[in-house]
1. Compute the length gained on full extension between Ile199 and Lys161: take 0.36 nm times their separation in residues and subtract their Cα-Cα distance, giving the result in nm to one decimal.
2. Using +1 at the C-beta of Lys and Arg and -1 at the C-beta of Asp and Glu, which of Thr134, Thr96, Val413 has the Cα lying farthest in the positive direction of the dipole of the chain?
3. Any idea of the accessible area per residue across the stretch 17-154, 1.4 Å probe, to the nearest Å²?
4. For the stretch 241-341, with the dipole built from +1 on Lys and Arg beta-carbon atoms and -1 on Asp and Glu ones, taken about the Cα centre, which of Ser252, Leu269, Ile291 lies farthest toward the positive end?
5. Is there a quick way to get the dipole size of the chain? I mean about its Cα centre, with the Cβ of Lys and Arg at +1 and of Asp and Glu at -1; what is the value in debye to the nearest 20?
6. Just round it to a whole percent: the fraction of Cα-Cα distances in the chain exceeding 42 Å.
7. Over the alpha-carbon set of the stretch 236-275, divide Rg by the Kirkwood Rh and report the Rg/Rh ratio to two decimals.
8. Give the lysines whose C-alpha is closer than 21 Å to that of Lys326, dropping any in the same chain fewer than 8 places away, or say none.
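The values are calculated or read from the model by the stated rules, or taken from the named source; none is laboratory data. The shown structure was predicted, so the numbers you read here are calculated from the model rather than taken from an experiment. FYI the Cβ positions are ideal-geometry reconstructions off the backbone, even for glycines, and counts take in every protein chain you see. Each accessible area value is taken on the protein alone, full model and side chains, heavy atoms only, with ligands, DNA and RNA left out. Shrake-Rupley method; radii C 1.70, N 1.55, O 1.52, S 1.80 Å.
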Amino acid sequence: MQIIQSFIHLGSSAMMPIIIFFVSIIFRIPVKLAFKSGMYVGIGFIGINMVMELLLKQLTPVTKAMIIGMGLNLKVIDVGWTTGANIGWNSPIMLTSLIGFFLINVVLLILNLTKTVDIDIFNFWTLLLLGALTYSATRNYWAAVGVTWVLFIIALLVGDKTAPRIQQQFHLKGLSFPQIAYLSWIPFGIAINWFVENIPLLKKIELSPETISARIGIFGEPVSIGFILGLFLGVMGHYSAEQAFVLAVNVSGCMVILPRMITILVEGLEILRSGVSKQLKTWFPAREFFIAMDVSVLIGDPAVMTTGLLMIPFSLFLAFVLPGNKILPLADLTSIMFPFTLSAAYMQRNIFRMMFAGPLIIIAALYLSSYVSPEYTKAFLTSGIRVSAHIDAMSNFIGSAGTWIGGLLIAIVRLLKQII
């Protein structure tokens, strides 16, 4: 177990090159191409992480300033997705669940029940976290393991189903995204898209990044959108003119640089995808296969990034006014674009439609992450991670625990505990 945890703690930028290299060798891709594929994916993740760290560094102070300005004082603290990942990877069920994931994926591939080769090992934390919450609530080891296995199968099947639409909208080939934390928000995108499509006046409004750029030129490009959003956030955080300008430049830089880092990553993935597809075609001539990948590949899209940044002040406002909300959005605010990655494909990456879905997703995430906080706090303590003495309750604002799937799971667990 210690070896596995040490491997996971390498992080995606160091872990993925190793995984991709060995997967490439298994599928008979030449060593030099296997090395290039793995390194390009690793370098791409390094670039993405660097840009996200810059964004985190810039957005953390402004979000804290907004929290202070709004006078937010809520009892449940959002401790961030990284804490959720640590809970999952440090849970007692980790090793058994992990072995099951690999075996299940192989069996489903052989039986032609899935198209996805799931090498996105790091994001197994989204499943392990829900298993850890189940274990903390029930102390039933195999019930918790069973939850992770069932959700893994569901994620693969839904990942297969949604892959063509996501590939088409984001101009990708051969990738799927079987992460339960983000697949769970797709129904919101579908519902909002249906709603807008049935209202003639709203249906005509097209605000995709391409149409915005075509209509207003430079002011519709990521460099300008990022600058304007940075200024807006600076004003919301009561920044001085100089501070707001610096924030605007940095946000603009992130929106320009991030897609270029993703291009490097996708170039490495294309080597793997092409080689794996070629070999699988010789073994299974009539079948199609996808490679599972982190949704980080999608966050550089201007529609996703724009919606996420605009939702930061909106999230704080909703946390303040929603009756019954207990969670203070904090650590996950800078990751708020992730819930919009996959759902964006079902709204044609139309920012106008995404701004309808955004508040609904935020409201659901606030209430659901508040709801699961007792089990989340217990799972945190069970994991052995050190806890700050002044935190009484905690949860994830963005992550698998704060989704309708996480909320439904905890509701079922609580009901069964009352019955049994």
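1. Full extension of this stretch gives 11.0 nm more.
2. Checking the options against the dipole of the chain, the answer is Thr96.
3. Result: 43 Å² per residue.
4. Projecting each Cα onto the dipole axis, the largest value belongs to Ile291.
5. It comes to approximately 600 debye.
6. Pairs farther apart than 42 Å: 11 percent.
7. 1.36
8. Result set, ordered by chain and number: Lys64, Lys75, Lys378.
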